[in-house]
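Following: one structure in structure tokens, then a few remarks.
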Amino acid sequence: MEKDTIQNYDNLLKSKLNHLQIHPNYLPHIGKNFDDVKQRIMIVAESHYVDGCITADGWYNNPEEIYSRLIESIDWFKTRSVLLTYFKQRKLRKVEPALTIFKNLETAYKTVFKNSQLFDECVYINYFQRPAEKKGDSIQIDKRDSAIALDNLLVLIDVLKLDKIIFVSSKAYKDFIVNTTETQRKALPYIGSVPHPSASAWWNTTSTKYGTKEIPTATGREKFERIIKPKKEE
């Protein structure tokens with residue numbers, strides 16, 4: 001994908017989302033081949049995290065102070081920089097534990113699309129548009145986090161014309177479900193969830209939660225592979 005095309009997406013997203021004007025670090029990763037794929041998939045994780053307390057009040061009301069205080073770790077809450085770090089580590093075949101989520105997702109994707117790289121073809125975001133308060137901890141959800149996360153998701157679906165949205169965070173998926181109605185969800189493209197690919201044992205453990213009528217039990221990974229298959233191959 002040409003840089004101008006990504007810039008066009010960025011400009012359109014920022015024109016619709018004041019949040020992304022204030023926090024451009026949260027612009028989504030858009031794969032270089034995204035415009036050429038037959039099905040447009042977005043992977044939705046939970047949140048970034050950094051060293052240093054980031055409260056909802058500070059993040060939404062005084063972001064300049066946070067950015068100046070955490071300038072040295074800014075790449076850890078910049079979505080595209082996190083992916084670039086993973087790509088560099090993948091090339092060296094030395095992926096650190098915090099980034100194995102991407103490696104495990106790509107491995108599963110290659111099971112279905114053997115000659116493709118997931119993150120060359122998909123969109124990736126963290127659902128909550130604020131880093132967790134403490135490094136390594138799960139985010140403590142504020143009502144503003146829920147509202148902005150949902151607004152962000154809906155705009156991305158519209159602007160990027162997405163076909164499938166796959167949550168890889170149960171906390172993010174539950175928050176999405178709680179804050180939408182069944183009628184709202186029916187108006188959207190396919191939205192599903194799988195267990196976290198690196199933090200949950202269920203990614204590689206069978207359960208009836210991930211099975212189907214034909215195959216009663218499956219792993220979280222197998223459910224992910226089932227979701228990404230084009231309909232004609234299912």
Checklist outcome for this item: Length gained, Asp142-Lys103, 0.36 nm per residue minus C-alpha separation, equals 11.0 nm
Checklist entry - So which aspartates and glutamates can Lys14 reach, going by Cα to Cα under 17 Å and dropping same-chain residues fewer than 8 places off? => result Asp4, Asp151, Asp158
Checklist outcome for this item: For Met1, placing the label point 7 angstrom along Cα-to-beta-carbon and taking the range 151-170, residues whose amide nitrogen sits under 11 Å are 160-162
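Per residue, how many Å² of accessible area does the range 122-234 show with a 1.4 Å probe?
Spelled out: the 1.4 Å probe surface of the range 122-234, per residue, equals 51 Å².
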Checklist outcome for this item: Note on the chain: alpha-carbon gyration tensor, axes a ≥ b ≥ c; rule is a/c under 1.5 for rounded, else prolate if a/b larger than b/c, else oblate; result rounded
Checklist outcome for this item: Given unit charges at Cβ for Lys, Arg (+) and Asp, Glu (-), the dipole magnitude of the chain about its Cα centre in debye, nearest 20, is 800 debye
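As an exercise, use a Förster radius of 45 Å and the Cβ-Cβ distance of Ile22 and Thr206 to find the FRET efficiency, rounded to the nearest 0.05.
0.55
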Item to check | 31 Å Cα-Cα threshold exceeded, pairs from Lys3/Lys229; Lys78/Lys161; Lys3/Lys143; Lys32/Lys143; Lys32/Lys209; Lys88/Lys231 | outcome: Lys3/Lys143; Lys32/Lys143; Lys32/Lys209; Lys88/Lys231
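Using just the helices of the chain, give the 222 nm mean residue ellipticity in deg cm²/dmol: DSSP H runs with n ≥ 4 each add -39,500 (n - 2.57), and the total is spread over all residues, rounded to 500.
Theoretical 222 nm ellipticity from helices: -13000 deg cm²/dmol.
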Next on the checklist: Run the simple label-point estimate for Val112 and Glu214 please: 7 Å along Cα→C-beta, distance reported in nm.
Outcome noted: 1.4 nm
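Given a 1.4 angstrom probe, I'd like the percentage of the accessible area of the chain that is carbon and sulfur, rounded to a whole number.
50 percent
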Checklist entry - Between Lys32 and Arg185, what FRET efficiency comes out of the Förster formula 1/(1 + (r/R0)^6) with R0 = 22 Å and r the beta carbon distance, rounded to 0.05? => result 0.15
Item to check | For the range 25-30, 3J(HN,Hα) per residue [Karplus equation, 6.51 cos²θ - 1.76 cosθ + 1.60, θ = phi - 60°, Hz, x = Gly/Pro] | outcome: 4, 9, 4, x, 5, 10
Checklist entry - So how much accessible area does Lys161 have, in Å² to the nearest 10, using a 1.4 Å probe? => result 130 Å²
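The values are calculated or read from the model by the stated rules, or taken from the named source; none is laboratory data. Remember, it's a predicted structure, so these values are computed and weren't measured experimentally. When we count neighbours, we look across all protein chains shown, and the Cβ atoms used for this are built from the backbone with ideal geometry, even at glycine. Just so you know, the surface numbers come from the protein's heavy atoms only, side chains and all, with ligands and any DNA or RNA stripped out. Shrake-Rupley method; radii C 1.70, N 1.55, O 1.52, S 1.80 Å.
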